[in-house]
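So the structure is just underneath, and the comments pick up after that.
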Amino acid sequence: MLTGDSPAMTREEASAKIESLGGHVSGSVSKKTDYVLAGAEPGSKLEKAKQLGVLILDEAEFRKILRKRLA
């Protein structure tokens, strides 16, 4: 799940990276969501993720995960 804007990568680039590692990018947050990648001005999806206890990643954390998975 992606929400908000990122100055370093487009939503399409982030989605492609997630999917290349076997992940699925959803358009909404639910209790089945594993992670939410939150950029600037994330809006209501971030609040819903917090309410559901979904792990929220910022861009730096996302890039760290990518580096580990691609190493």
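The values are calculated or read from the model by the stated rules, or taken from the named source; none is laboratory data. Because the structure is predicted, anything quoted here is derived from the model rather than measured. All Cβ positions, even for glycine, are placed from backbone atoms using ideal geometry, and neighbour counts span all protein chains on display. Only protein heavy atoms, including side chains, enter the accessible area calculation; ligands, DNA and RNA are left aside. Shrake-Rupley method; radii C 1.70, N 1.55, O 1.52, S 1.80 Å.
The table below lists the values:
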{"item": "Dipole of the chain [Lys/Arg +1, Asp/Glu -1 at C-beta], most positive-end residue of LEU57, MET9, ALA40", "result": "LEU57"}
{"item": "Hz values of 3J(HN,Hα) by residue in segment 29-41 - Karplus curve (6.51, -1.76, 1.60), Gly and Pro given as x", "result": "9, 9, 5, 7, 6, 7, 9, 10, 8, 10, x, 5, 6"}
{"item": "Amide H within-cut-off set for LEU57, under 5 Å, with H built and near neighbours excluded", "result": "VAL36, LEU37, ALA38"}
{"item": "25 Å Cα-Cα reach of LYS31 towards lysines, excluding residues that sit fewer than 8 places from it in its own chain", "result": "LYS17, LYS45, LYS48, LYS50, LYS64"}
{"item": "Alpha-carbon centroid distance for the pair segment 37-71 / segment 1-31, whole angstrom", "result": "9"}
{"item": "Accessible carbon and sulfur surface of the chain relative to its total accessible area, %, 1.4 Å", "result": "51"}
{"item": "Dipole magnitude of the chain, debye to nearest 20 (Cβ charges: Lys/Arg +1, Asp/Glu -1, about Cα centre)", "result": "340"}
{"item": "Label point distance in nm, ASP58-ALA71, each placed 7 Å from Cα along Cα→Cβ", "result": "2.1"}
{"item": "Rounded accessible area per residue of the chain, 1.4 Å, Å²", "result": "70"}
{"item": "Overall form of segment 1-58 per C-alpha gyration tensor (a/c, 1.5; a/b vs b/c)", "result": "oblate"}
